[in-house]
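The values are calculated or read from the model by the stated rules, or taken from the named source; none is laboratory data. Just so it is clear, the model here is predicted, and its values are computed rather than measured. Neighbour counts are summed over all protein chains in view; Cβ atoms, including those assigned to glycine, are modelled from backbone coordinates with ideal geometry.
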Amino acid sequence: MRGLFVTGTDTGVGKTVLSAALVAAIAAQGEPVRAYKPVMTGLDELPDRRAPCSWPADHELLGATAGMAPEDVAPLRYGPAVSPHLAARLAGERIDAAGLLAGAHALAAGEAGALIVEGVGGLLAPLREDYAVRDLAVALGLPLLIAARPGLGTINHTLLTLDAARAARLTVAAVVLSPWPPRPGTLERSNRETIAAVGAVEVAGLGPVAGPDPGELARAGGELPWRRWLGAGSTT
């Protein structure tokens with residue numbers, strides 16, 4: 001399987017925008033690409049579609065960039081904005097890990113292109129009590145991208161996520177700070193340099209994305225070295 005697994009240091013750190021930018025950039029080069037966000041929560045708190053440049057729900061955004069139906073991007077969807085294991089429990093369900101893996105392999109089957117998988121929450125977020133997002137990442141064996149904020153607090157959060165990834169022997173392709181400001185200040189520059197040095201990891205910046213237009217996403221994603229990241233290796 002060829003692709004990337006996008007995780008984050010927290011919720012709301014830009015995982016979906018990074019994932020969509022990667023998908024759009026790859027598609028803009030004429031290469032086949034699929035998107036997969038196996039579990040999604042928070043559908044009860046969708047953004048106001050009447051607002052200017054409003055962003056669609058995550059599975060709709062990824063589906064639009066990958067040319068896929070939203071329900072194929074995210075087969076498990078829940079209303080409450082809670083952890084996946086709780087959302088499933090509230091719905092009277094229990095998430096099937098084997099089913100999540102089968103979904104990823106089905107999307108990758110017969111495709112010479114890439115599969116961009118977006119996790120939910122961070123690596124240790126539970127999909128069920130005995131199975132975390134990290135376990136899914138390990139099972140898929142894709143190189144990991146860690147989305148993180150550029151501002152205050154990001155050093156600790158990012159280094160903890162790196163430790164959690166490496167403890168499971170995941171290959172970390174890079175940390176991506178998002179949104180990376182056009183004119184970063186002393187704090188942002190220091191955070192980027194410190195994470196790179198202390199974490200012994202490549203650190204990139206995803207610049208501001210004006211809206212959900214595929215062309216705008218492709219522009220932002222095209223500034224990232226996604227071809228090299230795709231070749232970072234896998235464990236499967």
What pairs come out if I take residues in segment 3-23 that are more than 18 Å from residue 104 (Cβ to Cβ) and pair them with residues that are crowded, with 24+ Cβ neighbours inside 10 Å and among the basic types (Lys, Arg) whose C-beta lies under 8 Å away, six or more apart or interchain? 8/15
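Return yes when residue 89 is outside any helix (DSSP H, G or I), at pLDDT 95 or above and of a type outside the set (A, V, I, L, M) and no when it is not.
Values: outside any helix (DSSP H, G or I): no; at pLDDT 95 or above: yes; of a type outside the set (A, V, I, L, M): yes.
Criteria not met by residue 89.
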Provide a single number: the residues in segment 186-205 that are in contact (Cβ under 8 Å) with a residue 24 or more places away in the chain and farther than 25 Å from residue 1 by Cα. 9
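Let's see how each residue does on (1) surrounded by 14 or more Cβ atoms within 10 Å (Cβ to Cβ); (2) modelled with pLDDT of 95 or more; (3) farther than 22 Å from residue 228 by Cβ:
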position	(1), (2), (3)
106	no, no, yes
119	yes, yes, no
141	yes, yes, no
147	yes, yes, no
154	yes, yes, yes
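Does residue 223 satisfy the condition of being charged (D, E, K, R), surrounded by 16 or more Cβ atoms within 10 Å (Cβ to Cβ) and more than 14 Å from the chain's Cα centre (by Cα)? Walk me through how you get there before you give the answer.
Numbers: charged (D, E, K, R): yes; surrounded by 16 or more Cβ atoms within 10 Å (Cβ to Cβ): no; more than 14 Å from the chain's Cα centre (by Cα): yes.
For residue 223, the condition - charged (D, E, K, R), surrounded by 16 or more Cβ atoms within 10 Å (Cβ to Cβ) and more than 14 Å from the chain's Cα centre (by Cα) - is not met.
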Evaluate the following for residue 218: is it under 19 Å from the mean Cα position of the chain (by Cα), over 29 Å from residue 54 (Cβ atoms) and in contact (Cβ under 8 Å) with a residue 40 or more places away in the chain? no
Of the conditions (1) at pLDDT below 95; (2) crowded, with 19+ Cβ neighbours inside 10 Å, residue 25 fails just one. Which one is it? (1)
